[in-house]
Amino acid sequence: MRVTERLSSMAVHSRQLRADGRGRADATSGDDGPTCPGSLIVVSNRQPYRHEYEDEPTAERAADPADTDGSPPAGTNGGEQTGTQWPITVDEPTGGLTAGLDPVVQGTDGTWIAWGDGDADFAVTDERNCVAVPPDEEAYTLRRLELSDEAVESYYYGFSNRVLWPLCHGFPDLIEDRANDFEWYRTVNEQFADAVGEHAADDSVIWLQDYHLALAPRMIRKSVPKGATVSHFWHIPWPTPETFRHCPAGGHVLEGLLGNDLLGFHVERYADQFLQCVDRFLPSASVDFARRTIRYDGRTTRVVATPMGVDAESYDRDARSADLDRLSDLFEEYGIPEGTTIGLGLDRLDYSKGIPERLAALERFFERNPDWRGEFTFIQKATPSRTDIETYERYGELVRSEVQRINRRFETADWRPIVYTEDVLPREDICALYRHADVMVVSPLVDGMNLVAQEYVAASVDGDSALLLSDRTGAHERLGSHALTIDPTDTDGFASQVEHALSLSPYERQRRMNTLRQRVFDGDIESWMDTQFDWIRRVHDDSRTTEPRSERDSDSREPTPPI
Ligand code: GDG
C-alpha cells in the first residue's frame, strides 16, 4: 500500500493531547480518572524523568546555566572541575508504563521513587535527593536513589537481568548466578525500602513495579506505618514450579513478594503459577487457590490478574496526525521503494522476542512466494537493550547476521526484503510506521503482555491492516481471537500466516481490526489503573476490617526459605 494512499485519507483530530500521555493529566485527576485510595508512592527501577548534561555547552548557555530547558538551574554541574557550566536537559516519558503512570501520580500529588541514572540527576535534587517534576509544573516529588556502578552491575545487570529475567521467561539455561549479585540485589532493595519508609504515612498506598524489586515488599513492611498498603505489579511472566526451582535464593524471592497486600500479574496463568510456586517451595504458606490468597508469616497476600493496556487514545491521535513528508523521508533514508507493501516488527533486542524465528518465517515466505519479492518490505526496528550482558550481545550479532544473509539471498538492485534499524525513533515516527504498516508481526517466544501489539492496533486508524500475534504473549488472551495467531517456532505455519495476512480481503481486515480496536480501547491503560486501584482499595479496606493489628503483629517469626 502506498504512503500517499494511506495518509491522504487522514482525518486530523482537532484535540491535541501530548504524545507522552501527559495531556491526560486533567482527565486522570478529575472525577472520571483513576483515583488512588490513599497517598500514592510509586516505586520502580526506571524513573519517569531523567536529567542529563548536554554534550557540549554552547557559548551563551555556558554563560547562563539557568537556561536548562525549563528545568531548575543546576546546583552543581558537569563542568565543575573546569569551571564551565553545562546546560541540562530533561528526558520525559515517551511510552509504556512511565508515561501512563506519570499523569496519575501528577493527579495525586504523590511520590515516585526510582534509580537516578541520569548524569545530571543529582545536580538538580535537594538534600533528600528529591526534585519536583514535571520540570515546568512541579506536580509531584521524584525521589532518586543513587546507585554505585558496582551496585548497578550486580543488582540490575546481575540478579535482575541475568537471573530473574531468563528465569521468568523460561530460559533457565541462560541464568548466570554470579557471586555477590544476590547480595547487591538485596542491598539495593533495602535502599528502596528505606526510601519508601522516609516518605510513607499511615494512609499511603505503595505501588511497586516489576522484578527489580522482589525483596522490597517484605522490607517495606518493617519501614512503613501499619496502615500503609503495599502492592506490586509484576510485568513479566511468572514461571512454572519446574522452572522456578532453578532460581537462586528463590525462597527469599517468594518471601519478599509475600510482603505485599496485593500482587498483580498480566494474566491468570502467571498468577496461578505463582500460587503453585509458593505452595511447593514455601511449605509453611497456606495457599487458597480458589480465592487466590496466600497466608504467610501472619499476613495475607491477594494475587490478581489485571492485564495492562496502552494509552489507546493518544496512539490513535498521533497516528492520525502522522506527517506524510516525514514518513516519506524515513522511507527514503531506509531505502524502501515507494509503493511496496509494508510489514513491521518493533521490539527491544531481547532473546524473548522471537526475532530470529520471525526472520526464518520471512525467509520461508520469500522462498515460497517469489512474486512478493520486490513487492513486500519488512521493517525490523530493534532497540538495543542490556548490551553489557554477553547473551544480549550475541543475540544482537545473530539477528544482524541473519538479516544480512536473508537480504543477500533475495535482494534486487533497488529492494531489500528486510530493512533493519537499531535507531531509537521518536514516538511520532513509531505512530506513523504503525499506521502505515499493512502487517504487524509480534512473535515473542514468551512475553508478559506486549504493549507493541496493542499500540499497533490503537494506531491502526484506517482499520485496513492485520496483526500476526504469538500465542505465547499475554496480549494474545485479549487479541488472539481476531489477530492471526502464530506459533513462533513453527516456521512453515508462521510463513503461511504471513501469506494469509497479505491475502485477507479489505472487508476481513476491517472486521478483525474493528474488534481488536474495541478491545484495546476498552482495556486501555486508564482502565488498567482503575482496576488496580479498585483492588488496592479492596485490600486496603480488608486489611483494616478483617486483619486486626494484634494478629498482624503477633506472627513475626523469620521463616527459613526452603530453596
Ligand atoms: C515489559 C514486558 C510488558 C520500542 N522501541 C522504541 C519505542 N519502543 C517502545 C514501544 C513499547 C515499549 O517500548 C516496549 O514495550 P513491550 O511491552 O513491547 O516490551 P518490554 O519492553 O519487554 O516490556 C512486556 C511490558 O513490560 C509492560 O508491562 O508488556 O511483556 O516484557 O511501548 O513502543 N518507543 C520509542 N522509540 C523506539 O525506538 N519512542
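The values are calculated or read from the model by the stated rules, or taken from the named source; none is laboratory data. Bear in mind that the values here come from a model prediction, so they are computed numbers and not experimental data. Virtual Cβ from ideal backbone geometry, glycine too; neighbours counted across all protein chains shown. Heavy atoms of the whole protein, side chains included, go into the accessibility calculation; ligands, DNA and RNA do not. Shrake-Rupley method; radii C 1.70, N 1.55, O 1.52, S 1.80 Å.
Specify the residue that is surrounded by the fewest Cβ atoms within 10 Å (Cβ to Cβ); the eligible residues are those in the stretch 238-256 that are away from the ligand (no atom under 16 Å from the Cβ) and among the hydrophobic types (A, V, I, L, M, F, W, C). Per the stated criteria, the residue is 249. Scanning the stretch 471-524 for residues that are over 16 Å from residue 439 (Cα atoms), among the small types (Gly, Ala, Ser) and either part of a loop (DSSP other than H, G, I, E, B) or open to solvent by 50 Å² or more (accessible area, probe 1.4 Å) (or both) yields 474, 481, 523.
Mind checking which residues of the stretch 218-231 are closer than 18 Å to residue 39 by Cβ and within 25 Å of the chain's Cα centre (by Cα)? Don't jump to the end; show me each part of the working.
Going through the stretch 218-231, the residues closer than 18 Å to residue 39 by Cβ turn out to be 220-221, 223-231.
Of everything in the stretch 218-231, those that are closer than 18 Å to residue 39 by Cβ and within 25 Å of the chain's Cα centre (by Cα) turn out to be 220, 229, 230, 231.
Does residue 300 count as open to solvent by less than 30 Å² (accessible area, probe 1.4 Å) and at negative phi? Here the answer is no, as residue 300 does not meet what is asked. I'm trying to understand the selection: among the residues of the stretch 452-466, which are within 13 Å of the ligand (Cβ to nearest atom) and touching a strand residue (DSSP E or B) at 6+ places or on another chain (Cβ under 9 Å)? Result: 452, 453, 455, 456, 457.
Of the listed requirements (1) of a type in the set (S, T, N, Q); (2) at pLDDT 95 or above; (3) over 27 Å from residue 42 (Cβ atoms), residue 554 misses just one: (2). Any residue at all in the stretch 184-206 that is open to solvent by less than 10 Å² (accessible area, probe 1.4 Å) and within 16 Å of the ligand (Cβ to nearest atom)? No, there is no match, as no residue in the stretch 184-206 is open to solvent by less than 10 Å² (accessible area, probe 1.4 Å) and within 16 Å of the ligand (Cβ to nearest atom). If residue 404 passes every condition in (1) open to solvent by less than 80 Å² (accessible area, probe 1.4 Å); (2) free of Cβ contacts under 8 Å to residues at least 12 places away in the same chain but one, which one does it miss? Checking residue 404 against (1) open to solvent by less than 80 Å² (accessible area, probe 1.4 Å); (2) free of Cβ contacts under 8 Å to residues at least 12 places away in the same chain, the one that fails is (1). Would you please name the residue that is modelled with the lowest pLDDT, looking only at residues in the stretch 525-551 that are part of a helix (DSSP H, G or I) and of a type in the set (Ser, Thr, Tyr)? Going through the qualifying residues, I end up with 550. Within the stretch 304-312, identify whether any single residue is buried (at least 20 other Cβ atoms within 10 Å of the Cβ), within 26 Å of residue 447 (Cβ to Cβ) and away from the ligand (no atom under 16 Å from the Cβ), and answer yes or no. No, the conditions are met nowhere in the stretch 304-312.
In the set (1) at pLDDT below 95; (2) within 11 Å of the ligand (Cβ to nearest atom), residue 381 fails one condition alone, (1).
Can residue 371 be described as acidic (Asp, Glu) and surrounded by 20 or more Cβ atoms within 10 Å (Cβ to Cβ)? Answer is no for this residue.
Within the stretch 208-237, the residues that satisfy the criterion of being open to solvent by less than 20 Å² (accessible area, probe 1.4 Å), under 19 Å from residue 185 (Cα atoms) and not in a helix (DSSP H, G or I) are 208, 209, 214, 215, 232, 233, 234, 236. Within the stretch 91-128, being more than 16 Å from the ligand (Cβ to nearest atom), in contact (Cβ under 8 Å) with a residue 60 or more places away in the chain and of a type in the set (S, T, N, Q) holds for 106, 108, 111.
Scanning the stretch 101-115 for residues that are open to solvent by less than 10 Å² (accessible area, probe 1.4 Å) and of a type outside the set (Val, Ile, Thr) yields 101, 102, 103, 110, 112, 114.
Residues that are at pLDDT below 95 and in a loop (DSSP other than H, G, I, E, B) within the stretch 310-333 comprise 310, 311, 322, 323, listed in sequence order. Among all residues of the stretch 421-443, there is at least one that is exposed (fewer than 14 other Cβ atoms within 10 Å of the Cβ), over 20 Å from residue 369 (Cβ atoms) and more than 8 Å from the ligand (Cβ to nearest atom).
Scoring residue 343 on the criteria (1) open to solvent by less than 10 Å² (accessible area, probe 1.4 Å); (2) within 16 Å of the ligand (Cβ to nearest atom); (3) under 30 Å from residue 373 (Cα atoms) leaves a single failure, condition (2).
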